[in-house]
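The values are calculated or read from the model by the stated rules, or taken from the named source; none is laboratory data. The structure displayed is predicted, hence computed values, not measured ones. Virtual Cβ from ideal backbone geometry, glycine too; neighbours counted across all protein chains shown. Remember, those area values only see protein heavy atoms, side chains included, never the ligands or the DNA or RNA. Shrake-Rupley method; radii C 1.70, N 1.55, O 1.52, S 1.80 Å.
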Amino acid sequence: MILLLLGLVLAALYFWMRRSDRRRLSNGFVLVAAALLVLLGVADLLSRFWPWTSYIWLFLILLMPFAVMVLGFYLIRNGVTMWRREGRSLGNMLSLVAGVLVFALPVIAVALVRTTNPVALGLAFLLFFVSSYVGGVFVVFLVYALAYARMEPRFEPDAVVILGSRLIGGKVPPLLRARLDRAVQIYGETDPKPLMIPSGGQGADETRPEGAAMAEYLVQAGIPEGDVLPENHAVNTAQNLRLARDIQLQAGRTGPLVAVTNDYHVLRSALIGRKLDLDAEVQGARTASYYRPSAFLREFVAVLSEHKVLNALACLPFLGISILVMLYAFSAQ
């Protein structure tokens, strides 16, 4: 009963935090903790009235290793698909790498423990703790990314910025087209009409700026030319948002803006918008299902790298425990 009450308290805290500012990853930690405590509390409550339900939860726990194996096979299969369809870049192979690690890390940990070497034993513990930490944070990131992507903006946008991505042959590819179509939909649903700002510079392998190609697409889709002001210099998400905001203000539009990107990129874009102190929300366009696993992993890696110091501090206790295990193993020899 206590677990259930704690879960409900955390659920209330989550809704309060989300209402205060939905663009915080800490909301995801509270959401996942609340869901876990409510689930455990309900399981405990059911077992008191119907003891046989305990066997159901035990069965589900025993299924977890099998579920992890299924996940590993799925990631490897998806990685091969990405390799064939999108090329052999590291970003496209993240699901393949993650799938291999699902099987490799337990084998490596067992091999280290079997050596009975104190240093190897400490490394095995460190590997277990760090991989568990990364896996837990990824669950939080994924859950809240999916939750945020389904939230509607709390305001009518004064401007809509469409985040650019790579052109193919100077043309808008399906991935970018999905963003533009979502932006056109938002434009049609908004009154008064927002300023449309397609944002993206020209990459080394592109024949023209992404913003120019996107602006052309928007006009062809029926958006009046006077409502389209392209931004042709940004090379990353932070610049997309900051430079688009500058264009919006120069046009005399001072209200809030909505950024449009693909669903996997929504949460990180929102986090960046908050860091830049912009009055902005982010909306997502659907992405091809085969592309999403690697894309979410790529976004997760980017979020980890943007918070290197915080993650290093979070892992310090694991390092301390591993050193203690190592010292105990030396003393026991």
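Descriptive notes on the structure:
- Of all residues making up segment 75-98, the number that are free of Cβ contacts under 8 Å to residues at least 60 places away in the same chain and more than 18 Å from the chain's Cα centre (by Cα): 8
- A search for C-beta distances below 6 Å between a residue of segment 175-189 that is under 9 Å from Tyr217 (Cβ atoms) and open to solvent by less than 20 Å² (accessible area, probe 1.4 Å) and any residue that is at pLDDT 95 or above and of a type in the set (Ser, Thr, Tyr), counting only pairs 6+ apart in sequence or on different chains, returns Leu180/Tyr217.
- Only one of the listed residues (Leu6, Leu36) is at pLDDT 90 or above, open to solvent by 40 Å² or more (accessible area, probe 1.4 Å), in contact with a Leu (Cβ under 6 Å, 6 or more places away or on another chain) and assigned to a helix (DSSP H, G or I). That residue is Leu6.
- Looking only at segment 62-74, and only at residues there that are free of Cβ contacts under 8 Å to residues at least 24 places away in the same chain and open to solvent by less than 100 Å² (accessible area, probe 1.4 Å), the one that is nearest to Val139 (Cα to Cα): Ala67
- Among the candidates Val119, Val160, Val140, Val113, the residue that is under 29 Å from Leu31 (Cβ atoms) and assigned to a helix (DSSP H, G or I) is uniquely Val140.
- Looking across segment 306-333 at every residue that is among the polar types (S, T, N, Q) and open to solvent by 70 Å² or more (accessible area, probe 1.4 Å), the one that is modelled with the lowest pLDDT is identified as Gln333.
- When segment 16-28 is filtered for residues that are over 13 Å from Tyr148 (Cβ atoms) and at pLDDT below 95, the ones remaining, listed by number, are Arg19, Ser20.
- Hey, Arg298 within 19 Å of Leu195 (Cα to Cα) and in contact with a Leu (Cβ under 7 Å, 6 or more places away or on another chain) or not: no
- Just one of the numbered conditions (1) in contact (Cβ under 8 Å) with a residue 60 or more places away in the chain; (2) crowded, with 22+ Cβ neighbours inside 10 Å; (3) touching a helix residue (DSSP H, G or I) at 6+ places or on another chain (Cβ under 6 Å) is not true of Thr287: (2).
- Which listed residue is within 21 Å of Asp181 (Cα to Cα), open to solvent by less than 40 Å² (accessible area, probe 1.4 Å) and not in a helix (DSSP H, G or I), from Ala244, Ala259: Ala259
- Filter pass, Pro51 being open to solvent by 40 Å² or more (accessible area, probe 1.4 Å), farther than 30 Å from Lys275 by Cβ and either touching a helix residue (DSSP H, G or I) at 6+ places or on another chain (Cβ under 6 Å) or not in a helix (DSSP H, G or I) (or both): yes
- Test for Leu45: is it open to solvent by 40 Å² or more (accessible area, probe 1.4 Å), part of a helix (DSSP H, G or I), in contact (Cβ under 8 Å) with a residue 40 or more places away in the chain and of a type in the set (A, V, I, L, M): yes
- Residue match in segment 200-223 (condition: hydroxyl-bearing (Ser, Thr, Tyr), buried (at least 16 other Cβ atoms within 10 Å of the Cβ), out of contact with any Lys or Arg (no Cβ under 8 Å at 6 or more places or on another chain) and under 21 Å from Asn236 (Cα atoms)): no
- Residue match in segment 97-107 (condition: open to solvent by less than 70 Å² (accessible area, probe 1.4 Å), modelled with pLDDT of 90 or more and among the aromatic types (Phe, Trp, Tyr)): yes
- Residues located in segment 170-213, provided they are closer than 19 Å to Ala288 by Cβ and either touching a Ser or Thr at 6+ places or on another chain (Cβ under 8 Å) or part of a loop (DSSP other than H, G, I, E, B) (or both): Val172, Pro173, Leu175, Leu176, Ala178, Arg179
- Boolean, Ser131 is at negative phi, assigned to a loop (DSSP other than H, G, I, E, B), among the hydroxyl-bearing types (Ser, Thr, Tyr) and touching a helix residue (DSSP H, G or I) at 6+ places or on another chain (Cβ under 6 Å): no
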